[in-house]
Amino acid sequence: MLLRVLVIYCLLTAFAYAFHLNTFAVFELKEELQIRYMNMWELLQQLEYVDAHQREVVYVEIEHIKSEIARIVNELIQHDKQQHP
């Protein structure tokens, strides 16, 4: 009985590792992406009440968040390509 449990545990560990090589990295990137999307919504809401000088600062921040979102999406695509060649 103990031998069966150990064999099953070893197999499950091996399968989990083989099928999910980048799971934690992908999870972190998706979490980062959600944070960037929330930041983008906050910046877009700020445009409703900022003055002209502050508006330029918000535009720069929006461009920065856009580039961060693009970087994260590219990394997610790379992880997917590595996972599914």
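No lab work stands behind these numbers, since they all come straight from the coordinates. Quick caveat, the model's predicted, so the values are computed rather than measured. All Cβ positions, glycine included, derive from the backbone under ideal geometry; neighbour counts span all protein chains shown.
Remarks
- Per the Debye formula on identical point scatterers at the alpha carbon atoms of segment 21-83, with no solvent, log10 I(q)/I(0) at q = 0.12, 0.18, 0.22 Å⁻¹ is -0.38, -0.66, -0.83.
- Inter-site label distance for Glu56 and Lys81 at 7 Å from Cα along Cβ, in nm: 3.9
- Each Cα pair under 8 Å and six or more residues apart adds its separation to the average, and for segment 21-83 the resulting relative contact order is 54 percent.
- Extension gain for the segment Glu63 to Phe27, taken as residue separation times 0.36 nm less the Cα-Cα distance, is 10.5 nm to one decimal.
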